Amino acid sequence: MRDLLVQRLTDYAPRKLDLDYPEAGILVPITDDPDNPEMIFTLRSENLSTHRGQVAYPGGKRDPEDSSLAATALRETHEEIGLPPDQVEIIAPLSQVMSRYGIIVSPYVGVVPKSHPLDPNPDEIESVFRVPLSFFLEDRRERTDALHFQNHTIHVPCYRWERYQIWGLSAVVLVDFLNAVYDTGIDLLEPRT
């Protein structure tokens, strides 16, 4: 899996947003299982002030002492799900996205050991779950949401895995990953027919 990610993302040119807003870094964790690689997600606690009860990638707002947004993603991942930075190999960034709360989010694809235990911080994370990449490659979306942002409409797939709904910003990042790594051709600007 690592080799495929390096091969596909080395020449990938992620979109950067030239805006002056607060920043966050998130990790898009892919397990190192060559036969069945999985993507790791979190379900945010109902106690949080933003995005509560929503599926998300581990990550959060940049702290002044963070040396980079990749460092933010690694620090927050460790705090949220107990995965130490030395267990993550950052491969490449994906395109930046803007949250509805006015935060520029920088996603980083990272390879993580399949066998490393994950320990969700109950103050922030209700649960951690994994989805085989093969599930997303079949594009078995539950629905497509029309999201309006800054005079634009994007058509974002919503996927259901067991009791979890992957939608919104997380789905936008997921689609960027699928298009960059697997050439899935999911077009967010056109409604699915």
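In this structure, is residue 63 open to solvent by 30 Å² or more (accessible area, probe 1.4 Å) and closer than 25 Å to residue 168 by Cα? Spell out how you get there, then give the answer.
On the way: open to solvent by 30 Å² or more (accessible area, probe 1.4 Å): yes; closer than 25 Å to residue 168 by Cα: yes.
When the stated conditions are applied, residue 63 passes them.
Do we find that residue 67 is hydroxyl-bearing (Ser, Thr, Tyr), under 18 Å from residue 23 (Cα atoms) and without any contact (Cβ under 8 Å) to a residue 12 or more places away in the chain in this structure? Give the steps one after another, and end with the answer.
On the way: hydroxyl-bearing (Ser, Thr, Tyr): yes; under 18 Å from residue 23 (Cα atoms): yes; without any contact (Cβ under 8 Å) to a residue 12 or more places away in the chain: yes.
For residue 67, the condition - hydroxyl-bearing (Ser, Thr, Tyr), under 18 Å from residue 23 (Cα atoms) and without any contact (Cβ under 8 Å) to a residue 12 or more places away in the chain - is met.
Within region 1-38, restricting attention to residues that are under 13 Å from residue 108 (Cβ atoms) and assigned to a strand (DSSP E or B), which residue is farthest from the chain's Cα centre (by Cα)?
So in region 1-38, the residues under 13 Å from residue 108 (Cβ atoms) come out as 5, 9, 12, 14, 23-30.
From the residues that got through so far, the ones that are assigned to a strand (DSSP E or B) too are 23-30.
Working: 23: 15, 24: 12, 25: 10, 26: 6, 27: 6, 28: 4, 29: 8, 30: 10 Å.
Within region 1-38, the match that is farthest from the chain's Cα centre (by Cα) is 23.
Restricting attention to region 125-155, which residues are of a type in the set (Phe, Trp, Tyr), open to solvent by less than 50 Å² (accessible area, probe 1.4 Å) and either over 17 Å from the mean Cα position of the chain (by Cα) or farther than 16 Å from residue 176 by Cβ (or both)? Can you show your working first?
Just the residues of region 125-155 that are of a type in the set (Phe, Trp, Tyr), to begin with: 129, 135-136, 149.
Checking the rest, the ones that are also open to solvent by less than 50 Å² (accessible area, probe 1.4 Å) come to 129, 135-136.
Those that are of a type in the set (Phe, Trp, Tyr), open to solvent by less than 50 Å² (accessible area, probe 1.4 Å) and either over 17 Å from the mean Cα position of the chain (by Cα) or farther than 16 Å from residue 176 by Cβ (or both): 129, 135.
Any residue at all in region 105-116 that is without any contact (Cβ under 8 Å) to a residue 60 or more places away in the chain, over 19 Å from residue 168 (Cβ atoms) and open to solvent by 20 Å² or more (accessible area, probe 1.4 Å)? Can you show your working first?
Taking region 105-116 as the starting set, the residues that turn out to be without any contact (Cβ under 8 Å) to a residue 60 or more places away in the chain are 115-116.
Still in the running and over 19 Å from residue 168 (Cβ atoms): 115-116.
Those still in the list that are open to solvent by 20 Å² or more (accessible area, probe 1.4 Å) too: 115-116.
Yes.
Could you list all residues from region 79-97 that are open to solvent by 30 Å² or more (accessible area, probe 1.4 Å), over 17 Å from residue 31 (Cβ atoms) and touching a helix residue (DSSP H, G or I) at 6+ places or on another chain (Cβ under 9 Å)? Lay out the reasoning, then the answer.
Looking only at region 79-97, we keep the residues that are open to solvent by 30 Å² or more (accessible area, probe 1.4 Å), and these are 79, 84-87, 89-91, 93.
From what's left, over 17 Å from residue 31 (Cβ atoms): 79, 93.
Of everything in region 79-97, just one residue is open to solvent by 30 Å² or more (accessible area, probe 1.4 Å), over 17 Å from residue 31 (Cβ atoms) and touching a helix residue (DSSP H, G or I) at 6+ places or on another chain (Cβ under 9 Å), namely 93.
Can you tell me which residues in region 111-131 are in a strand (DSSP E or B) and in contact with a helix residue (DSSP H, G or I) (Cβ under 8 Å, 6 or more places away or on another chain)?
At the first step, the residues of region 111-131 found to be in a strand (DSSP E or B) are 111-112, 125-131.
Passing the criteria: 111, 112, 125, 128.
The conditions are (1) in a loop (DSSP other than H, G, I, E, B); (2) acidic (Asp, Glu); (3) touching a Leu at 6+ places or on another chain (Cβ under 6 Å), and residue 139 fails exactly one of them. Which is it?
The failed condition is (3).
Is there a residue in region 142-155 that is basic (Lys, Arg) and either in contact with a Pro (Cβ under 7 Å, 6 or more places away or on another chain) or within 18 Å of residue 57 (Cα to Cα) (or both)?
From region 142-155, those basic (Lys, Arg) are 143; that's our starting set.
Among the residues that remain, those that are also either in contact with a Pro (Cβ under 7 Å, 6 or more places away or on another chain) or within 18 Å of residue 57 (Cα to Cα) (or both) are: none.
Within region 142-155, none of the residues are basic (Lys, Arg) and either in contact with a Pro (Cβ under 7 Å, 6 or more places away or on another chain) or within 18 Å of residue 57 (Cα to Cα) (or both).
With modelled with pLDDT under 95, out of contact with any Cys (no Cβ under 6 Å at 6 or more places or on another chain), open to solvent by 20 Å² or more (accessible area, probe 1.4 Å) and of a type outside the set (Gly, Ala, Ser) as the only criterion, which of 121, 179 stands out?
Working: 179 fails: modelled with pLDDT under 95.
Selected residue: 121, the only one of 121, 179 that is modelled with pLDDT under 95, out of contact with any Cys (no Cβ under 6 Å at 6 or more places or on another chain), open to solvent by 20 Å² or more (accessible area, probe 1.4 Å) and of a type outside the set (Gly, Ala, Ser).
The values are calculated or read from the model by the stated rules, or taken from the named source; none is laboratory data. From a predicted model like this one, the values you see are computed outputs, not experimental measurements. Heads up, the Cβs are rebuilt from the backbone with ideal geometry, glycines too, and the neighbour counts pull from every protein chain shown. Note: areas computed on protein heavy atoms with side chains; ligands, DNA, RNA excluded. Shrake-Rupley method; radii C 1.70, N 1.55, O 1.52, S 1.80 Å.
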